[in-house]
Structure formats: C-alpha cells, structure tokens
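The values are calculated or read from the model by the stated rules, or taken from the named source; none is laboratory data. As the structure is a prediction and not an experimental result, all values here were calculated from the model. Glycine gets a Cβ as well: all are built from the backbone with ideal geometry, and neighbour counts include every protein chain shown. Areas reflect the complete protein model, heavy atoms only, side chains present, ligands, DNA and RNA absent. Shrake-Rupley method; radii C 1.70, N 1.55, O 1.52, S 1.80 Å.
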Amino acid sequence: GPENRTGYCRCCWRYNKIYKEIKENPCNFIKSPKSKVESSIRIAQEPYSKEEVKYLIENLDSEVVVVRDHLKGISEYSKMGLQVGNRVTYRDLLYGVMLPSGADAVNVLAINLSGSIEEFVKLMNNKVSELGLRGTHFDNPIGMDSEGNYSTAKDISKILLYGLENETFKEIFNTREY
C-alpha cells in the first residue's frame, strides 16, 4: 500500500504500531468486540503448521513459478506485482505478503503450501484453534471482506505475538523495504 512518512505501507505501519502498544500495555487489547480483519490476516498467515514453518525456514530460497491460478480473484486487492511465469523464492513471497500486503503472494504461498486456497484457509483456522483463539475465523487468505472473516483485537495481538516468536517472521515484519 502507499507509504506514510515512516516508510511503512499503511498496513505494516499499523501493525508495528499495534505491536508496540501490545508490548507496552497488553491489557488494552483484552476486551474487544469482533471486528472485520481485512489486512490483519497478513499476520495470521505466517503461523503455518509446524511442518510448513520448518519447510519454509529450510527452503526460503527455493523458487516457485507463478501460474494463472495464483492470480485469480485478486484484481481489486493490493499486490506484489507478480505475473504468470515469474520465478520467485519463498523469501520473496513472504516479503510480498508483509510489505505490500500482496494478495498475489498470498495465493502463491497458499496454493504451493497446501494445494489449494481452501486447504490453506483450513490450515489458518486450525492454527487459530490450536492457539485457543475463539474470536477469529477465516474464509479466505487475502483479507477479502466477508461475514466469515472476523477477529478480535485480543486474538490479533496473540497471533502477532505468536508470529514474532519466529525469527524469520520477526525480521520480515520489521523490514521497511525489500
């Protein structure tokens, strides 16, 4: 998304700000009604199952070829700028998910890690369930607004803190440009 004066796109700047607020006063995030998650899904995408995390960490520089299916249904969303035939690494995709909130990068990761968007959404929901987050549910991985995509500020803060336990996620999350 467009950058503000900090150099972060609006979504990343907002989550860096939220992260600092959570660390300074976590009680502010305890009581919150469910809200639409739009861009907050970017955080929840990072905590895959242990097998996927292990695979990504060990193979961040493995290449993926972008195919037409990766780019379906994302024309109105923020993108990394991928085109059919592009060869990109998992590392590039992770940066593409976090920095420009790229729906194209999300889809490439989702399909390559789980076989389909639907299976990836199941992984996302399994992870939030595993983390005990009862106020969060996903029905797509790109943050498309729908009744099935919701979360609470408390759950989002827990997802973020969980993600920040992973050094690769932390490095990407704290990056201003790539």
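Among the numbered criteria (1) under 13 Å from the mean Cα position of the chain (by Cα); (2) modelled with pLDDT of 90 or more; (3) open to solvent by 30 Å² or more (accessible area, probe 1.4 Å), which one does Met144 miss?
Unmet for Met144, out of (1) under 13 Å from the mean Cα position of the chain (by Cα); (2) modelled with pLDDT of 90 or more; (3) open to solvent by 30 Å² or more (accessible area, probe 1.4 Å): (2).
Find the residue count for the range 149-161, including only residues that are without any contact (Cβ under 8 Å) to a residue 40 or more places away in the chain and open to solvent by 20 Å² or more (accessible area, probe 1.4 Å). Before you say what the answer is, go through the steps one by one.
Of the range 149-161, the ones without any contact (Cβ under 8 Å) to a residue 40 or more places away in the chain are 155, 158.
Then drop every residue that is not open to solvent by 20 Å² or more (accessible area, probe 1.4 Å), which leaves 158.
Counting residues in the range 149-161 that are without any contact (Cβ under 8 Å) to a residue 40 or more places away in the chain and open to solvent by 20 Å² or more (accessible area, probe 1.4 Å) gives 1.
Going through the range 64-118 one residue at a time, which ones are on the phi > 0 side of the Ramachandran plot and open to solvent by less than 10 Å² (accessible area, probe 1.4 Å)?
Filtering the range 64-118 down to residues on the phi > 0 side of the Ramachandran plot leaves 73, 81, 85, 101, 115.
Residue satisfying the conditions is Ser101 alone.
Do any residues in the range 63-77 that are over 10 Å from Ala103 (Cα atoms) have Cβ atoms under 9 Å from those of residues that are open to solvent by 60 Å² or more (accessible area, probe 1.4 Å) and part of a loop (DSSP other than H, G, I, E, B), where the two are at least six apart or on different chains, and which pairs are they?
Val65/Val84; Val66/Gln83; Val66/Val84; Val67/Val84; Arg68/Val84
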